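Rule-based calculations on the coordinates, nothing more; no lab input. Note that the coordinates shown come from a computational prediction; the quantities given were computed from them, not determined experimentally. Heads up, the Cβs are rebuilt from the backbone with ideal geometry, glycines too, and the neighbour counts pull from every protein chain shown.
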């Protein structure tokens, strides 16, 4: 999700942008990560980075809680 300036639900973030991604377990939302930054930033880079981190967290959760990485 991307919220820019006044799109942010929090008044304190009206001069900022918020880029978030979720991570899930068994299809259920269990967390969210994000970046708060200026309204003028390299959106493509930040979105790509947040998505990559979210994908990595999803993979780690899947490997560790679906029994694929049990020792």
Self-check item: Principal-axis tilt of helix 43-65 within the chain, Cα atoms, nearest 10 degrees
Solution: 20 degrees
Quiz prompt | Pairwise FRET efficiency - residue 35 versus residue 11, Cβ, R0 = 22 Å, nearest 0.05 | solution = 0.70
Exercise. Return the calculated 222 nm mean residue ellipticity for the chain, to the nearest 500 deg cm²/dmol, obtained by summing -39500 (n - 2.57) across DSSP H runs with n ≥ 4 and dividing by the residue count.
Key: -11500 deg cm²/dmol
Quiz item: Given Cα pairs under 8 Å that are at least 6 residues apart, what percent is the relative contact order of the chain?
Solution: 24 percent
Practice problem: Taking every pair of Cα atoms in the chain, average 1/r, invert it to obtain the Kirkwood radius, and report Rg/Rh to two decimals. | Solution: 1.11
